[in-house]
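The values are calculated or read from the model by the stated rules, or taken from the named source; none is laboratory data. Since we're looking at a predicted model, the values are computed, not measured. Here the Cβ positions follow ideal geometry from the backbone for every residue, glycine too, while neighbour counts run over all protein chains shown. Surface areas here come from the heavy atoms of the whole protein model, side chains and all, with no ligands, DNA or RNA. Shrake-Rupley method; radii C 1.70, N 1.55, O 1.52, S 1.80 Å.
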Amino acid sequence: LNEQPTALWIGDSYTMGAGASQPWISGESYAVSRDMGWRLTLDAVGGTGFVAASRYGPPFWERLRGDVAKIRNPDYVVIDGGRNDHGNYFTEMRAVIGYFNAVQRDFPRARVLVIAPWVMKSHPSDYFATRLLLAQEAKIRGWSFVDPLSLGWVNSYSAQLVAADGVHPNTEGYDYLVAHLMPAMAAALN
């Protein structure tokens, strides 16, 4: 009897499916986890990141203790962040390295996958320094990495698939996103 693999997703409003008519069905983390056959534990708080806090909650590192309490030994940890971290690169670098070290310590058996930041209307050069930092730190730890901007499916077409807020994907946008993200994640994890 095979037990369903468990996955902890950490992220922001994109991760939770903001903008979708039914985020618990078509939102990125829900849909990809369902398609991968994972049992999802979600830690997604809008407006947050490695450094950024929002009116909805604290940055990733302040939520880690709660994540450990929610799920002891996940098979997978997906870190999907950095969209909201606009500021001092060196502060962000220290936060990313410290957070990655803590994830490695707290979830030593998990397969970790890092998704580089992007939004539906991103340009190929957006988040350049953060994407390089995340790629480098994931590689050092032997973690998987997916960069939607370098893969090319964030483009003029995706830019049309946004919700009324002008930022988040709409339901069709999440369908598009999941159709690209799931195979990219599966390939990165293999």
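Here are a few things to note about the model shown:
- With respect to the conditions (1) surrounded by 20 or more Cβ atoms within 10 Å (Cβ to Cβ); (2) out of contact with any strand residue (DSSP E or B) (no Cβ under 6 Å at 6 or more places or on another chain), Trp143 falls short on a single one, namely (2).
- Single unsatisfied condition, Ala138 versus (1) of a type in the set (Gly, Ala, Ser); (2) in a helix (DSSP H, G or I); (3) closer than 25 Å to Pro58 by Cβ; (4) open to solvent by 30 Å² or more (accessible area, probe 1.4 Å): (4)
Residue-wise test of (1) out of contact with any Lys or Arg (no Cβ under 6 Å at 6 or more places or on another chain); (2) at pLDDT 95 or above; (3) open to solvent by 70 Å² or more (accessible area, probe 1.4 Å).
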site: Arg55; (1), (2), (3): yes, yes, yes
site: Asp67; (1), (2), (3): yes, yes, no
site: Tyr89; (1), (2), (3): yes, no, yes
site: Val96; (1), (2), (3): yes, yes, no
site: Asp106; (1), (2), (3): yes, yes, no
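- Qualifying positions in the stretch 122-135 - aromatic (Phe, Trp, Tyr) and assigned to a helix (DSSP H, G or I): Phe128
- From Ala116, Ala102, Ala129, residue being closer than 27 Å to Gln160 by Cα, surrounded by fewer than 21 Cβ atoms within 10 Å (Cβ to Cβ) and among the hydrophobic types (A, V, I, L, M, F, W, C): Ala129
- Considering residues of the stretch 156-175 that are part of a helix (DSSP H, G or I) and open to solvent by 40 Å² or more (accessible area, probe 1.4 Å) only, the residue nearest to Pro124 (Cα to Cα): Gln160
- Selection count, the stretch 7-36, where residues are closer than 17 Å to His180 by Cα and acidic (Asp, Glu): 2
- Pairs, first open to solvent by less than 10 Å² (accessible area, probe 1.4 Å) and at pLDDT below 95 in the stretch 25-45, second not hydroxyl-bearing (Ser, Thr, Tyr) and not in a helix (DSSP H, G or I), C-beta under 7 Å, six or more apart: Gly27/Gly17; Gly27/Ala20; Glu28/Gly17
- Filtered residue count, the stretch 146-155, keeping only those that are open to solvent by 30 Å² or more (accessible area, probe 1.4 Å) and assigned to a helix (DSSP H, G or I): 2
- With respect to the stated conditions, Phe50 fails to be touching a residue at least 12 places away in the same chain (Cβ under 8 Å), hydrophobic (A, V, I, L, M, F, W, C) and farther than 29 Å from Ala159 by Cα.
- On the stretch given as the stretch 128-139, residues that are within 11 Å of Ser150 (Cβ to Cβ) and not hydrophobic (A, V, I, L, M, F, W, C) total 1.
- Just one of the listed residues (Asp165, Asp106) is of a type in the set (Asp, Glu) and under 16 Å from Arg83 (Cβ atoms), and it is Asp165.
- Which numbered condition Met182 misses (of (1) in contact with a Phe, Trp or Tyr (Cβ under 9 Å, 6 or more places away or on another chain); (2) surrounded by 14 or more Cβ atoms within 10 Å (Cβ to Cβ); (3) among the aliphatic types (A, V, I, L, M)): (1)
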